[in-house]
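Here's the structure, in structure tokens; my notes come after.
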Amino acid sequence: MKKKLEALNCLYPMPTVLVGTVVNGRPNFTTIAHVGIMNVGKQNYISISSWKGHYSNIGIKEKGMFSINIPSEDMVEETDYCGIFSGKDTDKSTIFEIFYGEMKAAPMISQALINMECKLYKTIDFPAHDLFIGEIIETYCDEKVLTDNAVDLSKVKPVLFDMHRKQYWKLGEPLAKCWDIGRGLKKGDMQNH
Ligand SMILES: Cc1cc2nc3c(=O)[nH]c(=O)nc-3n(C[C@H](O)[C@H](O)[C@H](O)COP(=O)(O)O)c2cc1C
């Protein structure tokens with residue numbers, strides 16, 4: 001028996017990220033979990049859905065830049081802090097060690113094992129949120145999270161977000177190989193299913 005949940009968005013867990021901006025000349029970091037991946041290929045884009053009242057939005061619109069920093073499990077406290085307090089009345093510029101890329105307008109977090117420097121590509125004006133789509137212009141990755149030159153999530157240990165239970169989760173075990181496990185279901189090979 002299915003119960004209707006009134007169009008509730010159930011697309012969780014989502015990876016939690018820290019978005020870096022410069023607002024009124026000061027670095028600011030805010031926690032965002034409503035992120036999206038788009039146009040994977042040579043030009044890569046990321047979207048973030050940020051409530052219009054957030055301090056960060058001012059900086060993204062003014063500078064046309066932002067960074068996406070991926071916190072690990074050991075940064076969960078700082079991650080939550082950046083999602084509780086607003087840069088409007090709290091200086092969040094000193095929580096992390098910061099570095100900049102070429103553009104100098106998107107502060108990035110040294111402790112975060114992966115950072116993506118993004119140039120604002122488009123803003124979609126939703127009633128309550130700005131959907132910022134950024135083109136990734138550079139990605140910085142701590143060498144220690146690479147296995148055979150690919151980012152290894154078991155080393156990144158991302159912080160997963162569940163809006164419904166207001167809970168952070170951690171990654172479990174790998175399940176199966178993509179573009180591989182499904183091959184066994186091909187017509188004619190299905191006798192065992
Ligand atoms: C785990 C977590 C995830 C969040 N995800 C989002 C989100 O996706 N979009 C959003 O607008 N706010 C989100 N927030 C709320 C903002 O991070 C929070 O209101 C923050 O204080 C805004 O900071 P700012 O005003 O300095 O930009 C989230 C908060 C937490 C704790």
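Take PHE126 and GLN111, extend 7 Å from each Cα along the Cα→Cβ direction, and tell me the distance between the two endpoints in nm.
2.9
Sorted by mean Cβ packing within 10 Å, highest first, what order do the peptides 29-38, 9-18 take?
29-38, 9-18
Quick one: go through region 108-133 and flag any residue whose amide nitrogen is under 14 Å from the point 7 Å out along the Cα-to-Cβ line of GLN43.
Taking a point 7 Å out along Cα→Cβ of GLN43, the residues of region 108-133 whose backbone N falls under 14 Å are 119-123, 133.
Tell me which residues come under 5 Å, amide H to amide H, from SER72 once H is placed; ignore anything under 5 positions away on its chain.
LEU113
Taking the Cα centre of the chain as origin, sum charge times position over the Cβ atoms of Lys and Arg (+1) and Asp and Glu (-1), and report the length of that vector in debye to the nearest 20.
Details: 23 positive and 24 negative charges, 175 e Å.
Computed charge dipole of the chain: roughly 840 debye.
Taking θ = phi - 60°, what integer Hz values does the Karplus form 6.51 cos²θ - 1.76 cosθ + 1.60 yield along region 143-160, in sequence order, with x for Gly and Pro?
These are the phi-based 3J(HN,Hα) values: 4, 6, 9, 8, 10, 6, 6, 10, 4, 10, 4, 5, 9, 5, 6, x, 9, 9 Hz.
Quick one: length gained pulling GLU73 to LYS155 fully straight, 0.36 nm per residue minus the C-alpha distance?
Extra length from GLU73 to LYS155 when fully extended: 28.5 nm.
Amide H neighbours of GLY101 under 5 Å, counting only residues 5+ apart in sequence or on other chains, H built in-plane at 1.01 Å?
Here the answer is ALA106, since their amide H atoms fall under 5 Å of that of GLY101.
For the pairs LYS144/LYS166; LYS92/LYS122; LYS88/LYS157; LYS52/LYS122, note any where the Cα-Cα span goes beyond 19 Å.
Those over the limit are LYS144/LYS166; LYS92/LYS122; LYS88/LYS157.
Give the residue from CYS118, THR21, ASN44 lying farthest towards the positive end of the charge dipole for region 14-192; charges sit on Cβ (+1 for Lys and Arg, -1 for Asp and Glu) and the dipole is referred to the Cα centre.
In region 14-192, that residue is ASN44.
Hey, rough spin-label estimate for VAL35 and LYS177, points 7 angstrom out along Cα→Cβ, what's it come to in nanometres?
2.8
Could you tell me what a quarter of the Cα convex hull surface of the chain works out to, in nm² with one decimal place? Please list the in-between numbers first.
Details: hull surface 59.2 nm².
That works out to 14.8 nm², a quarter of the Cα hull's surface.
Hey, with R₀ at 30 Å, roughly what FRET efficiency would TYR168 and ASP142 work out to, going by the Cβ-Cβ distance, to 0.05? Let's see the in-between values first.
Values: r = 21 Å, r/R0 = 0.70.
Once the sixth-power term is evaluated, E becomes 0.90.
Bear in mind that the values in this text are calculations on the coordinates, not laboratory data. In this text, all values refer to a predicted model and were calculated from it rather than measured experimentally. Using ideal geometry, Cβ is built from the backbone for each residue, glycine included, and neighbour counts are taken over all protein chains shown.
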